[in-house]
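What follows is one structure encoded as structure tokens, with my remarks underneath.
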Amino acid sequence: MDIKEAVSISFKALGKKEAHVNDIAEHIVQHIAEFQGASVEDMKKKVNSFLAANVKSKTPVYAKVINPKTKRSRKGLYKIKPEPKGTQVIRTEPDRKKKPNPGGDKQVQLPLVFSNTSCDKIFCGKGGEFAVVSELLFRGYNASIMSADEGVDITASKGDKFFFIQVKTSFFKENKLSVFIKPNNFINSSTANIFYVIVFRYSCDGHMTNRFLILQNGDINRMQHGGYISTSDAGMTIKVKQDNRGLFIYNRDKQEDATYYLDNFDLIR
């Protein structure tokens, strides 16, 4: 993970319209595994340097916060730049059906760009499970894939705690994806640590890589009751979309920022 993604995750996790460089740096060092143990002061310099450069770039994601009284920018304080009207999201693959429109809609580079590639359902699903097991092993969990599929794909343990994980693997199409999860008696009746991991692949510098949305059973229940996840007798559907602001779990006119859950394996604890 680079500083760009770390800033994006921390900025959203803070849950504020505006965030100070100091707060972002402290959150990165405290909550993002790749940067834990780093110097807070060094991280402040990196965050400040990145944000200052981003604001001056051709396609800024962030903007300085202006004091309405003095009309000057507040030192170290930034906000996410509002999406301009007429913005068109850049797709990872060219839309051959759409003719170019010179001088038309302005294009903005996504902070996260995903591939529309697909694969055979059986191989894709099993590949996602092994990808999650691999990430857990690297993080010190004793993880393994269940021999029989009864709603739980992976069991993992760390210290004296045990975790049960269901994995769904998907790909973005038109900047959206959805996964369907059937009802499961074990999950519905269990008070154990249940997690859902949505795995998706995307192209980075010509190489395919994996990303993960980690949702705890409590997060799922809250989103269901809040109307962010659609539920029926047949099961539940989790929909995810992306734009130049980041990732969102959505259902009809409701949406919730999902950036906090992206690659956040620290939630499994």
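Values in this text are rule-based calculations from the coordinates and carry no lab data. Just so it is clear, the model here is predicted, and its values are computed rather than measured. In this analysis, Cβ positions are derived from the backbone assuming ideal geometry, glycine residues included, and neighbour counts consider all displayed protein chains.
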Study note, to complete from the structure: Listed by chain and number, the lysines with an alpha carbon less than 30 angstrom from that of residue 75, same-chain partners under 8 positions apart left out, are 4, 12, 16, 17, 44, 45, 46, 56, 58, 64, 85, 106
Exercise for review: Express in nm, to one decimal, how much length is gained between residue 232 and residue 142 on full extension, taking 0.36 nm for each residue of separation and deducting their alpha carbon distance.
Suggested key: 29.0 nm
Review point. At a Förster distance of 35 Å, what's the computed FRET efficiency of residue 59 paired with residue 252, Cβ-Cβ distance as r, to 0.05?
Key: 0.70
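Would you mind getting me the FRET efficiency between residue 69 and residue 18? Use the beta-carbon distance for r and R0 = 22 Å, nearest 0.05. Don't skip to the end; give the middle numbers.
On the way: r = 16 Å, r/R0 = 0.72.
Plugging the Cβ-Cβ distance into 1/(1 + (r/R0)^6) gives 0.90.
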Study note, to complete from the structure: Sorted on mean Cβ neighbours within 10 Å (highest first), peptides 208-216, 136-144 come out as 208-216, 136-144
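Place a +1 charge on the Cβ of each Lys and Arg in segment 121-267 and a -1 charge on the Cβ of each Asp and Glu, then give the dipole magnitude about the Cα centre in debye, rounded to the nearest 20. Could the numbers behind the result be given before it?
Details: 17 positive and 16 negative charges, 57 e Å.
The calculated dipole for segment 121-267 is roughly 280 debye.
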Point to revise | Using distinct alpha-carbon pairs, which all enter the 1/r mean, Kirkwood radius of segment 3-82 in Å | key: 12.8
Study note, to complete from the structure: With label points set 7 Å from each Cα along the Cα-to-Cβ direction at residue 176 and residue 134, the distance between them in nm comes to 3.1
**Study point:** Protection proxy ranking, peptides 219-227, 239-247, average beta carbon neighbours within 10 Å, highest first
**Key:** 239-247, 219-227
Check your understanding: What does the charge dipole of segment 3-82 about its Cα centre add up to, to the nearest 20 debye, if the Cβ of each Lys and Arg holds +1 and the Cβ of each Asp and Glu holds -1?
Key -> 740
Review point. In what sequence, highest mean first, do 66-74, 175-183 appear when ranked by Cβ atoms within 10 angstrom?
Key: 175-183, 66-74
